[in-house]
Amino acid sequence: MTDSSPVSIPPAPASTPPSRVPIAWPAEWPVEVRKIADATNDALAAVAARDPIAFDDAVELLGRSDSAQAGHVHAEMVRTLLEEVHSDGLTGENVQEVLGRTVRGADWLPNLDIAGFVEVLTGALGVSDVEEQSRTKPRPAHALLVVADLLAVRRGRAETYLRRALAEVHRAETIEMP
């Protein structure tokens, strides 16, 4: 006798989320930099999984790290991804599209304000005046959601852009100004 019950095949995922397996960062990186890299990678994996608890935990870890350095890394990731996604030139409409997609995609995180996303985008593009900003700390949750959106559009790997951003921040910090 044969079993005639229907076989259920789960749908294929739209995209493969970043791995939650710890990444072996270069040993020469300072401990603080590796903490930022781990927390950033964990947060981006949580965004892909739409896991608010894991996301909040990763953002909390970033809050206990050097927030200025984490902000520089995230801004560099946003800037690089914007340049690659819009390689023919970035327009105001492009920025509006990113903002709209990111806000809609963050519907599973109810406590985020649109102003934070605007601040992240304008800050990454260098068009905001840091002295005039009402906030004194970077907005890692907002920045990570913008990065996640751009990674999805670019179909990029978080680790690749994280390594590039950390290298660029390190290079910028070690250049002597004339």
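The values are calculated or read from the model by the stated rules, or taken from the named source; none is laboratory data. The structure displayed is predicted, hence computed values, not measured ones. Backbone-built Cβ (ideal geometry, glycine too); neighbour counts: all protein chains shown. We work out accessible area using only protein heavy atoms, side chains counted, and drop any ligands, DNA or RNA first. Shrake-Rupley method; radii C 1.70, N 1.55, O 1.52, S 1.80 Å.
Data overview
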quantity	calculated
Residue tally, condition closer than 13 Å to residue 33 by Cβ, outside any helix (DSSP H, G or I) and open to solvent by 40 Å² or more (accessible area, probe 1.4 Å), over segment 54-68	1
Test: residue in segment 69-88 that is in contact (Cβ under 8 Å) with a residue 40 or more places away in the chain and farther than 17 Å from residue 148 by Cα	yes
Condition met for residue 97 (under 16 Å from residue 152 (Cα atoms), without any contact (Cβ under 8 Å) to a residue 24 or more places away in the chain and not hydroxyl-bearing (Ser, Thr, Tyr))	yes
Single condition residue 23 does not satisfy, out of (1) over 18 Å from residue 143 (Cβ atoms); (2) open to solvent by 50 Å² or more (accessible area, probe 1.4 Å); (3) not in a helix (DSSP H, G or I)	(2)
Near pairs, Cβ below 7 angstrom, 6+ apart or cross-chain, from segment 39-53 (open to solvent by less than 50 Å² (accessible area, probe 1.4 Å)) to any residue that is at pLDDT 95 or above and aromatic (Phe, Trp, Tyr)	43/55; 46/55; 47/55
